[in-house]
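Enquirer: Following this message is one structure expressed as C-alpha coordinates.
The values are calculated or read from the model by the stated rules, or taken from the named source; none is laboratory data. Since we're looking at a predicted model, the values are computed, not measured. With ideal geometry, Cβ positions are generated from the backbone for all residues, glycine too; neighbour counts draw on all protein chains shown. SASA here: full protein model, heavy atoms, side chains in, ligands and nucleic acids out. Shrake-Rupley method; radii C 1.70, N 1.55, O 1.52, S 1.80 Å.
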Amino acid sequence: MSYLMANYSPLEVSFVEGNGCMLTAKNGEQYLDALSGVGVVGLGHSHPKISAAIAYQAQKLIHTSNWYQIEHQQTLAQELCQAANMDKAFFANSGAEANEAAIKISRLYAHANNIKNPIIITTKQSFHGRTMATISATGNAKVQDGFAPLLSEFIHLDFNDVAAIAAHSGNKNIVAVMLEPILGESGVIVPAEDYLNQVQKICQANNWLLILDEVQTGIGRTGKLFAHQYNNITPDVLTLAKGLGNGVPIGACLAKGDAAQLFQLGSHGSTFGGNPLVCKTALTVLDVIKKDNILENVLAMSAYFAQELQALKRSGKVVEIRIKGLMIAIEINQDCSKLLNAALQKRLLINITGRSIRLLPPLIINKKQAGSVIKIIAELLEDL
Ligand SMILES: Cc1ncc(COP(=O)(O)O)c(C=O)c1O
(Lines give C-alpha, C1' and ligand atoms only; values in the text may rest on other atoms or scores of the structure.)
Protein backbone atom coordinates (compact mmCIF):
# COMPACT_ATOMS: atom_id res chain seq x y z
CA MET A 1 0.00 0.00 0.00
CA SER A 2 1.22 3.52 -0.79
CA TYR A 3 0.75 6.47 1.51
CA LEU A 4 0.94 8.78 -1.50
CA MET A 5 -2.19 10.27 -3.04
CA ALA A 6 -3.06 8.72 -6.36
CA ASN A 7 -2.50 11.76 -8.60
CA TYR A 8 0.69 10.30 -10.11
CA SER A 9 1.35 6.93 -11.65
CA PRO A 10 5.13 6.59 -11.55
CA LEU A 11 6.94 4.16 -13.82
CA GLU A 12 8.57 1.11 -12.26
CA VAL A 13 11.95 2.71 -11.76
CA SER A 14 13.60 4.79 -9.07
CA PHE A 15 16.80 6.73 -9.57
CA VAL A 16 19.43 7.15 -6.90
CA GLU A 17 22.17 9.05 -8.69
CA GLY A 18 22.64 11.32 -11.69
CA ASN A 19 25.54 12.58 -13.72
CA GLY A 20 25.05 14.87 -16.72
CA CYS A 21 22.54 13.21 -19.05
CA MET A 22 22.76 9.87 -17.23
CA LEU A 23 20.73 8.52 -14.33
CA THR A 24 21.52 5.44 -12.27
CA ALA A 25 18.61 3.32 -11.05
CA LYS A 26 18.44 1.56 -7.68
CA ASN A 27 19.54 -1.69 -9.34
CA GLY A 28 22.61 0.02 -10.82
CA GLU A 29 21.32 0.23 -14.40
CA GLN A 30 22.16 3.39 -16.38
CA TYR A 31 19.47 5.40 -18.17
CA LEU A 32 19.84 8.16 -20.75
CA ASP A 33 17.69 11.11 -19.72
CA ALA A 34 16.14 12.86 -22.73
CA LEU A 35 13.57 14.67 -20.59
CA SER A 36 15.59 16.50 -17.88
CA GLY A 37 12.90 16.05 -15.24
CA VAL A 38 10.50 17.69 -17.66
CA GLY A 39 12.71 20.54 -18.77
CA VAL A 40 14.18 21.28 -15.36
CA VAL A 41 17.71 19.93 -15.18
CA GLY A 42 19.03 21.88 -18.16
CA LEU A 43 22.63 21.73 -17.00
CA GLY A 44 22.35 18.01 -16.36
CA HIS A 45 22.23 16.02 -13.17
CA SER A 46 24.65 16.82 -10.35
CA HIS A 47 26.43 19.51 -12.33
CA PRO A 48 29.61 20.06 -10.29
CA LYS A 49 29.28 23.87 -10.15
CA ILE A 50 25.59 23.69 -9.24
CA SER A 51 26.12 21.01 -6.61
CA ALA A 52 29.01 23.01 -5.17
CA ALA A 53 26.88 26.18 -5.03
CA ILE A 54 24.08 24.31 -3.26
CA ALA A 55 26.49 22.70 -0.79
CA TYR A 56 28.25 26.02 -0.13
CA GLN A 57 25.04 27.91 0.48
CA ALA A 58 23.45 25.08 2.49
CA GLN A 59 26.39 25.17 4.86
CA LYS A 60 26.30 28.94 5.10
CA LEU A 61 22.63 29.95 5.19
CA ILE A 62 19.50 28.38 3.71
CA HIS A 63 16.60 30.53 4.77
CA THR A 64 15.87 33.71 6.64
CA SER A 65 12.68 35.40 5.45
CA ASN A 66 11.65 38.10 3.05
CA TRP A 67 11.31 40.22 6.19
CA TYR A 68 15.07 40.65 5.92
CA GLN A 69 17.22 41.61 2.98
CA ILE A 70 18.54 38.69 0.96
CA GLU A 71 21.75 39.47 -0.82
CA HIS A 72 21.60 36.81 -3.54
CA GLN A 73 17.96 37.68 -4.24
CA GLN A 74 18.87 41.27 -5.12
CA THR A 75 21.67 40.09 -7.37
CA LEU A 76 19.52 37.47 -9.08
CA ALA A 77 16.72 40.00 -9.66
CA GLN A 78 19.25 42.36 -11.22
CA GLU A 79 20.79 39.67 -13.46
CA LEU A 80 17.43 38.40 -14.68
CA CYS A 81 16.03 41.89 -15.25
CA GLN A 82 19.12 42.98 -17.15
CA ALA A 83 19.12 39.81 -19.25
CA ALA A 84 15.42 40.14 -20.09
CA ASN A 85 15.23 43.94 -20.30
CA MET A 86 12.73 43.97 -17.43
CA ASP A 87 12.48 46.31 -14.43
CA LYS A 88 11.57 44.25 -11.39
CA ALA A 89 11.32 40.66 -10.15
CA PHE A 90 9.24 38.67 -7.67
CA PHE A 91 10.42 35.22 -6.64
CA ALA A 92 8.14 32.25 -6.10
CA ASN A 93 8.73 28.50 -5.84
CA SER A 94 7.27 27.11 -9.06
CA GLY A 95 5.98 27.93 -12.50
CA ALA A 96 2.37 27.95 -11.36
CA GLU A 97 3.18 30.42 -8.61
CA ALA A 98 5.11 32.65 -11.00
CA ASN A 99 2.03 32.66 -13.26
CA GLU A 100 -0.25 33.23 -10.28
CA ALA A 101 1.79 36.38 -9.56
CA ALA A 102 1.43 37.44 -13.20
CA ILE A 103 -2.35 36.96 -13.04
CA LYS A 104 -2.54 38.96 -9.81
CA ILE A 105 -0.50 41.75 -11.43
CA SER A 106 -3.01 41.83 -14.29
CA ARG A 107 -5.85 42.21 -11.75
CA LEU A 108 -4.09 45.16 -10.11
CA TYR A 109 -3.48 46.61 -13.56
CA ALA A 110 -7.19 46.30 -14.31
CA HIS A 111 -8.27 48.00 -11.11
CA ALA A 112 -5.70 50.77 -11.60
CA ASN A 113 -7.43 51.37 -14.95
CA ASN A 114 -10.98 51.20 -13.55
CA ILE A 115 -11.77 47.85 -15.16
CA LYS A 116 -14.07 45.98 -12.80
CA ASN A 117 -14.40 42.62 -14.57
CA PRO A 118 -10.97 41.98 -16.04
CA ILE A 119 -10.52 39.23 -18.60
CA ILE A 120 -7.28 37.60 -19.74
CA ILE A 121 -6.92 36.02 -23.18
CA THR A 122 -5.03 32.73 -23.12
CA THR A 123 -4.86 29.95 -25.69
CA LYS A 124 -6.32 26.52 -26.25
CA GLN A 125 -3.80 23.71 -25.61
CA SER A 126 -1.85 25.93 -23.24
CA PHE A 127 -0.53 24.83 -19.86
CA HIS A 128 0.10 27.35 -17.10
CA GLY A 129 0.09 25.28 -13.90
CA ARG A 130 -2.09 23.54 -11.33
CA THR A 131 -3.32 26.26 -8.96
CA MET A 132 -6.96 27.33 -9.32
CA ALA A 133 -6.08 30.49 -11.27
CA THR A 134 -3.55 28.74 -13.49
CA ILE A 135 -5.83 25.79 -14.32
CA SER A 136 -8.43 28.38 -15.25
CA ALA A 137 -5.86 30.00 -17.54
CA THR A 138 -4.85 26.63 -18.98
CA GLY A 139 -6.58 25.69 -22.22
CA ASN A 140 -7.00 22.00 -21.51
CA ALA A 141 -10.25 20.51 -20.20
CA LYS A 142 -8.42 17.49 -18.72
CA VAL A 143 -6.44 19.72 -16.37
CA GLN A 144 -9.63 21.52 -15.30
CA ASP A 145 -11.82 18.42 -14.96
CA GLY A 146 -13.50 18.14 -11.57
CA PHE A 147 -12.36 21.51 -10.25
CA ALA A 148 -15.35 23.70 -11.11
CA PRO A 149 -16.10 26.45 -10.42
CA LEU A 150 -13.06 27.82 -12.18
CA LEU A 151 -12.16 31.48 -12.43
CA SER A 152 -14.33 32.51 -15.33
CA GLU A 153 -12.28 35.49 -16.46
CA PHE A 154 -10.27 33.75 -19.16
CA ILE A 155 -11.01 33.52 -22.88
CA HIS A 156 -9.25 30.64 -24.64
CA LEU A 157 -8.45 31.33 -28.29
CA ASP A 158 -6.63 29.19 -30.85
CA PHE A 159 -2.86 29.33 -30.53
CA ASN A 160 -1.02 30.98 -33.43
CA ASP A 161 -4.18 32.80 -34.50
CA VAL A 162 -3.49 36.55 -34.51
CA ALA A 163 -6.87 37.40 -36.05
CA ALA A 164 -8.69 35.64 -33.20
CA ILE A 165 -6.98 37.97 -30.72
CA ALA A 166 -7.43 41.03 -32.94
CA ALA A 167 -11.16 40.30 -33.07
CA HIS A 168 -11.32 41.21 -29.37
CA SER A 169 -9.74 44.64 -29.92
CA GLY A 170 -11.76 47.34 -28.27
CA ASN A 171 -13.13 45.00 -25.58
CA LYS A 172 -12.61 47.21 -22.54
CA ASN A 173 -12.70 44.30 -20.09
CA ILE A 174 -9.64 42.60 -21.52
CA VAL A 175 -6.48 43.44 -19.61
CA ALA A 176 -3.88 40.96 -20.82
CA VAL A 177 -2.87 38.26 -23.26
CA MET A 178 -1.01 35.39 -21.62
CA LEU A 179 0.92 33.03 -23.88
CA GLU A 180 3.57 30.37 -24.03
CA PRO A 181 5.93 31.35 -26.90
CA ILE A 182 5.91 27.65 -27.86
CA LEU A 183 3.30 25.26 -26.48
CA GLY A 184 5.30 22.81 -24.40
CA GLU A 185 2.95 20.35 -22.72
CA SER A 186 0.85 20.12 -25.87
CA GLY A 187 3.81 18.84 -27.85
CA VAL A 188 6.14 21.62 -28.93
CA ILE A 189 3.76 23.63 -31.10
CA VAL A 190 5.87 26.37 -32.68
CA PRO A 191 3.87 29.37 -33.96
CA ALA A 192 4.58 31.58 -36.99
CA GLU A 193 7.85 33.46 -36.63
CA ASP A 194 6.17 36.82 -36.13
CA TYR A 195 3.27 35.58 -33.95
CA LEU A 196 4.55 37.25 -30.76
CA ASN A 197 5.32 40.47 -32.64
CA GLN A 198 1.79 40.62 -34.03
CA VAL A 199 0.25 39.83 -30.66
CA GLN A 200 2.35 42.51 -29.00
CA LYS A 201 1.15 45.09 -31.54
CA ILE A 202 -2.48 44.28 -30.67
CA CYS A 203 -1.68 44.45 -26.95
CA GLN A 204 -0.01 47.83 -27.31
CA ALA A 205 -2.88 49.24 -29.37
CA ASN A 206 -5.34 48.18 -26.67
CA ASN A 207 -3.26 48.84 -23.54
CA TRP A 208 -3.32 45.12 -22.71
CA LEU A 209 -0.42 43.54 -20.90
CA LEU A 210 1.54 40.91 -22.77
CA ILE A 211 2.36 38.13 -20.31
CA LEU A 212 4.77 35.50 -21.59
CA ASP A 213 4.91 32.19 -19.76
CA GLU A 214 8.49 31.05 -20.36
CA VAL A 215 8.43 28.50 -17.56
CA GLN A 216 9.34 25.83 -20.11
CA THR A 217 10.86 27.82 -22.98
CA GLY A 218 13.07 30.05 -20.79
CA ILE A 219 16.63 29.67 -19.46
CA GLY A 220 18.19 28.54 -22.71
CA ARG A 221 15.81 25.76 -23.69
CA THR A 222 15.20 27.18 -27.20
CA GLY A 223 18.76 28.36 -27.87
CA LYS A 224 18.25 31.91 -26.60
CA LEU A 225 18.09 32.68 -22.90
CA PHE A 226 14.38 33.51 -23.43
CA ALA A 227 12.38 32.31 -26.44
CA HIS A 228 10.83 35.74 -27.06
CA GLN A 229 14.30 37.09 -27.82
CA TYR A 230 13.90 35.49 -31.28
CA ASN A 231 11.24 38.16 -31.83
CA ASN A 232 13.22 41.12 -30.45
CA ILE A 233 10.34 42.09 -28.21
CA THR A 234 10.02 42.75 -24.49
CA PRO A 235 6.83 41.54 -22.83
CA ASP A 236 5.23 43.41 -19.92
CA VAL A 237 5.39 40.35 -17.69
CA LEU A 238 7.62 37.29 -18.02
CA THR A 239 7.41 34.13 -15.93
CA LEU A 240 10.19 31.61 -15.38
CA ALA A 241 10.79 28.46 -13.33
CA LYS A 242 11.95 24.94 -14.36
CA GLY A 243 15.52 25.43 -15.68
CA LEU A 244 16.16 28.46 -13.48
CA GLY A 245 17.08 26.35 -10.47
CA ASN A 246 18.33 23.23 -12.29
CA GLY A 247 16.25 21.22 -9.81
CA VAL A 248 15.93 23.43 -6.77
CA PRO A 249 12.42 24.93 -6.71
CA ILE A 250 12.36 28.54 -7.86
CA GLY A 251 9.96 30.55 -9.98
CA ALA A 252 10.23 34.17 -11.05
CA CYS A 253 7.78 36.76 -12.27
CA LEU A 254 9.52 39.68 -13.97
CA ALA A 255 7.72 42.83 -15.01
CA LYS A 256 8.38 46.02 -16.93
CA GLY A 257 6.97 49.54 -16.92
CA ASP A 258 3.58 50.03 -15.24
CA ALA A 259 3.27 46.30 -14.56
CA ALA A 260 6.45 46.41 -12.46
CA GLN A 261 5.01 49.03 -10.10
CA LEU A 262 1.79 47.26 -9.11
CA PHE A 263 2.90 44.98 -6.28
CA GLN A 264 3.17 47.22 -3.27
CA LEU A 265 3.86 46.51 0.39
CA GLY A 266 1.78 43.51 1.41
CA SER A 267 0.18 42.84 -1.99
CA HIS A 268 1.87 39.49 -2.51
CA GLY A 269 4.36 37.20 -0.84
CA SER A 270 5.85 33.76 -0.33
CA THR A 271 7.53 32.25 2.72
CA PHE A 272 10.14 30.30 0.78
CA GLY A 273 10.27 32.43 -2.38
CA GLY A 274 13.72 33.72 -3.26
CA ASN A 275 15.58 32.28 -0.28
CA PRO A 276 19.39 32.38 -0.20
CA LEU A 277 19.76 28.74 -1.27
CA VAL A 278 17.64 28.91 -4.42
CA CYS A 279 18.92 32.34 -5.44
CA LYS A 280 22.55 31.31 -5.09
CA THR A 281 21.76 28.22 -7.18
CA ALA A 282 19.95 30.21 -9.89
CA LEU A 283 22.80 32.72 -10.06
CA THR A 284 25.17 29.82 -10.63
CA VAL A 285 22.88 28.43 -13.36
CA LEU A 286 23.01 31.77 -15.20
CA ASP A 287 26.77 31.94 -14.75
CA VAL A 288 27.32 28.43 -16.14
CA ILE A 289 25.04 29.13 -19.12
CA LYS A 290 27.15 32.17 -19.95
CA LYS A 291 30.66 30.88 -19.20
CA ASP A 292 30.22 27.40 -20.65
CA ASN A 293 28.57 28.64 -23.88
CA ILE A 294 25.53 26.52 -23.21
CA LEU A 295 23.36 28.35 -25.77
CA GLU A 296 25.85 27.50 -28.50
CA ASN A 297 25.60 23.84 -27.56
CA VAL A 298 21.79 24.03 -27.64
CA LEU A 299 21.88 25.44 -31.17
CA ALA A 300 24.47 22.93 -32.38
CA MET A 301 22.65 19.96 -30.87
CA SER A 302 19.32 21.27 -32.12
CA ALA A 303 20.70 21.37 -35.67
CA TYR A 304 22.05 17.83 -35.21
CA PHE A 305 18.70 16.51 -33.95
CA ALA A 306 16.83 18.34 -36.71
CA GLN A 307 19.02 16.77 -39.38
CA GLU A 308 19.33 13.25 -37.98
CA LEU A 309 15.67 12.90 -36.98
CA GLN A 310 14.69 13.28 -40.65
CA ALA A 311 15.78 9.67 -41.16
CA LEU A 312 12.91 8.58 -38.91
CA LYS A 313 10.50 9.63 -41.65
CA ARG A 314 11.58 6.51 -43.57
CA SER A 315 9.64 4.46 -41.01
CA GLY A 316 6.46 5.82 -42.63
CA LYS A 317 5.12 6.42 -39.13
CA VAL A 318 6.28 10.00 -38.57
CA VAL A 319 3.77 12.73 -39.39
CA GLU A 320 5.86 15.73 -38.36
CA ILE A 321 9.00 16.70 -36.48
CA ARG A 322 8.77 19.92 -34.48
CA ILE A 323 11.90 21.38 -33.00
CA LYS A 324 13.09 24.65 -31.50
CA GLY A 325 16.37 24.53 -29.65
CA LEU A 326 16.15 21.44 -27.47
CA MET A 327 12.36 21.29 -27.38
CA ILE A 328 11.59 18.41 -29.71
CA ALA A 329 8.41 16.57 -30.70
CA ILE A 330 8.07 13.69 -33.13
CA GLU A 331 4.44 13.26 -34.10
CA ILE A 332 3.45 9.70 -34.95
CA ASN A 333 0.56 8.57 -37.18
CA GLN A 334 -0.95 6.42 -34.42
CA ASP A 335 -1.34 6.15 -30.68
CA CYS A 336 2.16 5.79 -29.31
CA SER A 337 1.55 5.80 -25.55
CA LYS A 338 3.13 2.36 -25.23
CA LEU A 339 6.46 3.84 -26.34
CA LEU A 340 6.92 5.31 -22.87
CA ASN A 341 7.48 1.87 -21.34
CA ALA A 342 9.20 0.53 -24.45
CA ALA A 343 11.74 3.39 -24.19
CA LEU A 344 12.21 2.64 -20.51
CA GLN A 345 13.05 -0.97 -21.40
CA LYS A 346 15.77 0.48 -23.62
CA ARG A 347 16.82 2.74 -20.76
CA LEU A 348 15.78 5.98 -22.37
CA LEU A 349 13.59 8.58 -20.64
CA ILE A 350 11.11 10.35 -22.93
CA ASN A 351 7.63 11.81 -22.68
CA ILE A 352 4.56 11.02 -24.75
CA THR A 353 2.04 13.80 -25.24
CA GLY A 354 -0.94 13.13 -27.48
CA ARG A 355 0.48 11.30 -30.48
CA SER A 356 3.93 12.82 -30.08
CA ILE A 357 7.18 11.72 -28.55
CA ARG A 358 8.47 14.76 -26.67
CA LEU A 359 12.13 15.25 -25.84
CA LEU A 360 13.60 17.94 -23.57
CA PRO A 361 17.16 16.70 -23.19
CA PRO A 362 19.64 18.45 -20.93
CA LEU A 363 21.11 21.51 -22.66
CA ILE A 364 24.58 20.01 -22.17
CA ILE A 365 23.83 16.89 -24.24
CA ASN A 366 26.64 15.92 -26.62
CA LYS A 367 26.57 14.46 -30.13
CA LYS A 368 27.19 10.90 -28.98
CA GLN A 369 24.33 11.02 -26.49
CA ALA A 370 22.04 12.74 -29.00
CA GLY A 371 22.94 9.99 -31.48
CA SER A 372 21.98 7.33 -28.92
CA VAL A 373 18.62 9.02 -28.30
CA ILE A 374 17.88 9.06 -32.05
CA LYS A 375 19.00 5.45 -32.52
CA ILE A 376 16.75 4.19 -29.72
CA ILE A 377 13.78 6.16 -31.06
CA ALA A 378 14.37 4.65 -34.51
CA GLU A 379 14.25 1.18 -32.93
CA LEU A 380 11.10 2.06 -31.02
CA LEU A 381 9.36 3.19 -34.20
CA GLU A 382 10.42 0.03 -36.00
CA ASP A 383 8.75 -2.08 -33.31
CA LEU A 384 5.59 0.07 -33.10
C1 LIG B 1 4.57 26.61 -19.75
C2 LIG B 1 4.39 26.14 -18.35
N3 LIG B 1 3.86 26.97 -17.44
C4 LIG B 1 3.69 26.60 -16.16
C5 LIG B 1 4.04 25.35 -15.73
C6 LIG B 1 3.82 24.95 -14.31
O7 LIG B 1 5.03 24.91 -13.62
P8 LIG B 1 5.12 24.19 -12.21
O9 LIG B 1 4.84 22.75 -12.42
O10 LIG B 1 6.53 24.48 -11.75
O11 LIG B 1 4.11 24.83 -11.32
C12 LIG B 1 4.59 24.44 -16.64
C13 LIG B 1 4.96 23.08 -16.23
O14 LIG B 1 5.06 22.17 -17.01
C15 LIG B 1 4.77 24.85 -17.98
O16 LIG B 1 5.29 24.03 -18.91
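Enquirer: Order the peptides 160-168, 252-260 from the highest to the lowest mean number of other Cβ atoms within 10 Å of their residues.
Expert: Per-residue mean Cβ counts within 10 Å order the peptides as 252-260, 160-168.
Enquirer: Continuing with the same structure: For the ranges 137-146, 6-15, what's the packing order if you count other beta-carbon atoms within 10 Å of each residue, average per peptide, and put the highest first?
Expert: 137-146, 6-15
Enquirer: In the range 327-351, whose amide N lies under 18 Å from the spot 7 Å out along Cα-to-Cβ of ALA25? List them in ranges.
Expert: Taking a point 7 Å out along Cα→Cβ of ALA25, the residues of the range 327-351 whose backbone N falls under 18 Å are 338-351.
Enquirer: What accessible area per residue, rounded to a whole number of Å², is obtained for the chain using a probe radius of 1.4 Å?
Expert: 47
Enquirer: Now a separate question. When the chain is fully extended, how far beyond the present Cα-Cα distance does VAL16 get from LEU150, taking 0.36 nm per residue of separation? It would help to have the intermediate numbers written out before the result.
Expert: Numbers: separation 134, 0.36 × 134 = 48.24 nm, distance 3.89 nm.
The VAL16-LEU150 span can extend by a further 44.4 nm.
Enquirer: Mind pulling the angle between the C-alpha long axis of helix 195-206 and the longest principal axis of the chain? Nearest 10 degrees, somewhere in 0 to 90.
Expert: 10
Enquirer: Let me ask something else about it. Excluding residues fewer than 8 places away in the same chain, name every one of the aspartates and glutamates whose C-alpha is closer than 16 Å to that of LYS367.
Expert: ASP33, GLU296, GLU308
Enquirer: Here is a follow-up. Is there a pair in LYS104/LYS172; LYS242/LYS346; LYS242/LYS368; LYS224/LYS324 whose C-alpha atoms are over 21 Å apart, and which pairs would that be?
Expert: Details: LYS104/LYS172 18 Å; LYS242/LYS346 26 Å; LYS242/LYS368 25 Å; LYS224/LYS324 10 Å.
Listed pairs above 21 Å: LYS242/LYS346; LYS242/LYS368.
Enquirer: When you count, for each residue, the other Cβ atoms within 10 Å and take the mean per peptide, how do 316-328, 217-229, 46-58 rank with the highest first? Provide the component values of the computation, followed by the final result.
Expert: Numbers: 316-328: 19.2, 217-229: 24.8, 46-58: 16.9.
With the highest mean Cβ count within 10 Å placed first, the list reads 217-229, 316-328, 46-58.
Enquirer: Angle, helix 367-383 long axis vs. longest principal axis of the chain, Cα atoms, 0 to 90°, nearest 10?
Expert: Here the helix axis deviates by roughly 80 degrees.
Enquirer: Starting from 0 in steps of 5 Å, tell me what percent of the Cα-Cα pairs of the range 50-291 lands in each bin.
Expert: 1, 7, 14, 19, 20, 17, 11, 7, 3, 1, 0, 0
Enquirer: In the neighborhood of ILE115, defined by Cβ-to-Cβ distances under 10 Å, what is the net charge if each Lys or Arg adds +1 and each Asp or Glu adds -1?
Expert: +3
Enquirer: In degrees between 0 and 90, to the nearest 10, how far off the longest principal axis of the chain does helix 48-60 point, with axes built from Cα atoms?
Expert: With both axes taken from Cα atoms, the answer is about 50 degrees.
Enquirer: Right, something else. Tell me, in nm to one decimal, what length is gained between ASN85 and ALA306 on full extension, where the rule is 0.36 nm per residue of separation less the Cα-Cα distance?
Expert: Result: 76.5 nm gained on full extension.
Enquirer: Also, quick follow-up: If the label point is 7 Å along Cα→Cβ of LEU340, which residues in the range 1-26 have backbone nitrogen under 14 Å from it?
Expert: The answer is 7-13.
Enquirer: Probe radius 1.4 Å, ligands and nucleic acids ignored: give me the carbon and sulfur share of the accessible area of the chain as a rounded percent. Kindly include the intermediate steps, with their values, before the conclusion.
Expert: Values: 9120 of 18010 Å².
Accessible surface attributable to carbon and sulfur in the chain totals 51 percent.
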